[in-house]
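Below is one structure; the comments refer to it alone.
The values are calculated or read from the model by the stated rules, or taken from the named source; none is laboratory data. Just so it is clear, the structure is predicted and the values come from calculations on it, not from any experiment. As a convention, Cβ positions derive from the backbone with ideal geometry for all residues, glycine included, and neighbour counts pool all protein chains shown. Only protein heavy atoms, including side chains, enter the accessible area calculation; ligands, DNA and RNA are left aside. Shrake-Rupley method; radii C 1.70, N 1.55, O 1.52, S 1.80 Å.
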Amino acid sequence: MFTPDITGIQADYSLIDVTKAQIIYKEMAGVSSAYSTYIDTLTATAIDNDTANLRMSQPSGLMIRARNPSDSMNLVFYIPSTNYKNLVLKYGTESSSSTHGQLQQKFDYSVDSGMTWKTSGLSLAADSAGLSFGLVSVNFTTDTTVNNNSKLVFRITFLGNTTGTSGNNRFDNVTLDGDSSNASTNTHLGVPMVANNTNNYSVYPNPVKNIL
């Protein structure tokens with residue numbers, strides 16, 4: 001039966017809400033809940049070189065492992081972007097081996113909590129995990145509907161070496177970065193700039209010589 005060690009991983013840190021961002025390993029639509037696979041954790045060692053995308057002076061630590069068989073599974077990142085734009089998703093990843101780990105990670109995303117999926121706005125359609133941790137960076141380059149979106153979801157589907165009962169791909173240091181889109185006024189050097197002001201002003205003396 002399906003026996004996940006971890007049902008969902010919440011964010012360690014968020015400017016929005018740590019309970020809103022989660023990573024879940026879940027069956028594809030229509031797959032039986034009896035499908036036999038799971039996700040667990042593994043402590044990184046020196047040989048893993050788990051330093052990709054480390055943040056806030058934290059050392060490398062626990063990684064999550066999306067286990068095989070994974071041909072009917074998705075690794076799903078719920079990443080709300082409320083009040084943010086210019087989004088960049090980054091994470092470190094490695095494969096357990098070239099013969100058993102998942103060969104390719106294919107990407108898509110949803111702006112409506114997973115009701116529909118698309119790839120049109122991604123800077124990267126897929127990536128392959130190496131045998132030590134490497135950085136994956138995905139920009140949402142052309143799709144403005146991902147901005148300020150509480151229902152944004154990113155999904156990884158695994159291809160290759162996915163049907164056996166051994167092998168896994170590992171993930172760590174997952175982040176979503178963006179620029180604030182919630183300023184009530186435009187600012188420059190901390191000074192509010194008010195657009196379309198209708199007040200009238202007088203400049204004197206007029207004409208001006210040396211001093212205004």
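The figures follow:
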quantity: Any hit, segment 66-78, residues being open to solvent by 20 Å² or more (accessible area, probe 1.4 Å), outside any loop (DSSP other than H, G, I, E, B), more than 22 Å from THR157 (Cβ to Cβ) and touching a residue at least 40 places away in the same chain (Cβ under 8 Å); calculated: no
quantity: Search result, residues across segment 1-30 that are modelled with pLDDT of 90 or more and closer than 29 Å to LEU131 by Cβ; calculated: ALA21, GLN22, ILE23, ILE24, TYR25, LYS26, GLU27, MET28
quantity: Some residue of segment 2-17 being in a loop (DSSP other than H, G, I, E, B), open to solvent by 70 Å² or more (accessible area, probe 1.4 Å) and either touching a His at 6+ places or on another chain (Cβ under 6 Å) or of a type in the set (Phe, Trp, Tyr) (or both); calculated: yes
quantity: Residues located in segment 99-125, provided they are assigned to a loop (DSSP other than H, G, I, E, B) and in contact (Cβ under 8 Å) with a residue 60 or more places away in the chain; calculated: THR99, HIS100, GLY101, GLN102
quantity: Subset of segment 132-145 that is in contact with a strand residue (DSSP E or B) (Cβ under 6 Å, 6 or more places away or on another chain) and in a loop (DSSP other than H, G, I, E, B) - its residue that is nearest to THR51 (Cα to Cα); calculated: PHE133
quantity: Residues within segment 86-117 that are closer than 19 Å to ILE23 by Cα, open to solvent by less than 70 Å² (accessible area, probe 1.4 Å) and of a type outside the set (A, V, I, L, M, F, W, C), tallied; calculated: 14
quantity: Selection from segment 41-64 of residues that are surrounded by fewer than 15 Cβ atoms within 10 Å (Cβ to Cβ) and in a helix (DSSP H, G or I); calculated: ALA46, ILE47
quantity: Whichever residue in segment 55-70 is of a type in the set (A, V, I, L, M, F, W, C) and at pLDDT 90 or above and, among such residues, is farthest from TRP117 (Cα to Cα); calculated: MET63
